[in-house]
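Below is one structure, written out as structure tokens; comments come after it.
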Amino acid sequence: MYLSFNCVHEEKPGEKWKTLFDHTWPHYKHWFLSEGPALRKGYLTSYSEFKHYMPELVPQFEELQKLSGGGDLEARFLSMYCPPAYMTGCSQVTWTLDSPSLIRNYDYSSKMFEGTLWYSNWLQPVIGVSDCTWGLLDGMNASGLAASLTFGGRKITGEGFGIPIIIRYILETAKNVKEAIKILHRIPVHMAYNVSLIDAQKEYATVYLSPDRAAIVVDSKVATNHQKEIEWSDYAFLTGTIERKRLLEELVNSSHETEGSMLAHFLSPPLYNTNFEKSFGTLYTVIYRVTKGEAQVYWPGVTVKQDFSHFKEERVNPFLSGSPSASIAS
């Protein structure tokens, strides 16, 4: 399998973001219209809902809309209001035994993966892995807060936002777990997702989100692909969510584990998944060390390390043996 992973630094929305959008838009357009245009919300509804729930990001939304060409369809996509359903299979842990950190595996189809670690400075400095061109799968901000998403294992869908833009909003506006939880209680989500949170004070939480019920906050350091109980047995069996969660709970409660040994587990089965043919292969492992402002991305034999003080633009092809890194032109 070929996978390109890019590290990009762009303080404000500009040409680098436009390059990503232009490259990925044909694929996203096909996905966005896959159920028919009538099932996607109109521009006025999408914009008004975005403005109501995430007003601080309206200037960035409007700038990105211009950079994307200013079209109606592009704007509706960028709002991420009521998008088509999509599912991932991931494992994540909030780690507090050493310095606080968030560790996660992202399991998904490589065909719908942007493969970009962005360093932006819109409302505050944020480093995270992008999705839907400006949403985030996971990330951290300069205030010392990290957040990560995983699918919640429920078939239910409803009216709300795609979780990547909610993760972006959290990291742009919140400074700690308490503030992030308030946001997750307030903003509607269109599918079931689990969000892991940790901050520099070692406060942590797992939040179960669904469109048909209020957010549920649990005192757990572990999240896989179900919530309080299994509601989609076939999906649970396919992804091994029960087995992965059981293992992670044993590991985080063990006095023998260290950050290094935990990372090693994430790079090995059953947490590390090679089921790429069924779109559930592990595309990357990442750790966000929130007090150090440091992100480290792993693949077997390949590592990329970045932080807020020293962020190097580079590209790696992690599934090619001995792949070299190369600078990305500014």
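The values are calculated or read from the model by the stated rules, or taken from the named source; none is laboratory data. Just so you know, these numbers come straight off a predicted model, no measurement behind them. Backbone-built Cβ (ideal geometry, glycine too); neighbour counts: all protein chains shown.
Points to keep in mind about this one:
- Where strands (runs of 3 or more DSSP E) fall entirely within region 88-189, those with at least 1 residues that are among the aromatic types (Phe, Trp, Tyr), modelled with pLDDT of 95 or more and more than 11 Å from the chain's Cα centre (by Cα) are at 91-95, 116-121.
- Positions within region 34-58 being polar (S, T, N, Q) and either in contact (Cβ under 8 Å) with a residue 24 or more places away in the chain or within 17 Å of THR157 (Cβ to Cβ) (or both), in sequence order: SER34, THR45, SER46
- Of the residues making up region 251-265, those that are in contact with a helix residue (DSSP H, G or I) (Cβ under 9 Å, 6 or more places away or on another chain) and either part of a helix (DSSP H, G or I) or within 20 Å of VAL129 (Cβ to Cβ) (or both) number 5.
- Qualifying positions in region 1-33 - at pLDDT 95 or above, in a loop (DSSP other than H, G, I, E, B) and under 20 Å from MET112 (Cβ atoms): LEU33
- When SER321 is tested against the conditions (1) within 18 Å of SER110 (Cα to Cα); (2) in a loop (DSSP other than H, G, I, E, B); (3) at pLDDT 95 or above, the lone failure is (3).
- First in region 129-142 and more than 15 Å from GLY115 (Cβ to Cβ) and without any contact (Cβ under 8 Å) to a residue 60 or more places away in the chain, second anywhere and surrounded by fewer than 24 Cβ atoms within 10 Å (Cβ to Cβ) and of a type in the set (Lys, Arg), Cβ under 8 Å, 6 or more apart: ASN141/LYS175
- Residues being of a type outside the set (S, T, N, Q), under 23 Å from MET140 (Cα atoms) and surrounded by fewer than 17 Cβ atoms within 10 Å (Cβ to Cβ) - total across region 99-113: 1
- Verdict on GLY42 being in contact with a helix residue (DSSP H, G or I) (Cβ under 8 Å, 6 or more places away or on another chain), modelled with pLDDT of 95 or more, over 26 Å from LEU283 (Cβ atoms) and surrounded by fewer than 18 Cβ atoms within 10 Å (Cβ to Cβ): yes
- Here region 273-282 is the region considered, the condition is being surrounded by fewer than 23 Cβ atoms within 10 Å (Cβ to Cβ) and of a type in the set (S, T, N, Q), and the residue that is modelled with the lowest pLDDT is SER279.
- Here is the figure for region 84-98: residues that are surrounded by fewer than 19 Cβ atoms within 10 Å (Cβ to Cβ), of a type in the set (Ser, Thr, Tyr) and touching a helix residue (DSSP H, G or I) at 6+ places or on another chain (Cβ under 8 Å) total 1.
- ILE198 vs. criteria part of a strand (DSSP E or B) and surrounded by fewer than 20 Cβ atoms within 10 Å (Cβ to Cβ): no
- Whenever a residue of region 254-281 is free of Cβ contacts under 8 Å to residues at least 40 places away in the same chain, its partners that are assigned to a loop (DSSP other than H, G, I, E, B) and small (Gly, Ala, Ser), lying with C-beta atoms within less than 6 angstrom and at least six residues away or across chains, give the pairs PRO270/GLY240.
- Total residues in region 45-72, condition in contact with a helix residue (DSSP H, G or I) (Cβ under 8 Å, 6 or more places away or on another chain) and acidic (Asp, Glu): 3
- THR285 falls short on exactly one of the conditions (1) among the polar types (S, T, N, Q); (2) buried (at least 17 other Cβ atoms within 10 Å of the Cβ); (3) assigned to a loop (DSSP other than H, G, I, E, B), and that condition is (3).
- Matching residues, region 45-83, being in a loop (DSSP other than H, G, I, E, B) and either in contact with a Cys (Cβ under 7 Å, 6 or more places away or on another chain) or surrounded by fewer than 16 Cβ atoms within 10 Å (Cβ to Cβ) (or both): GLY69, GLY70, GLY71, MET80
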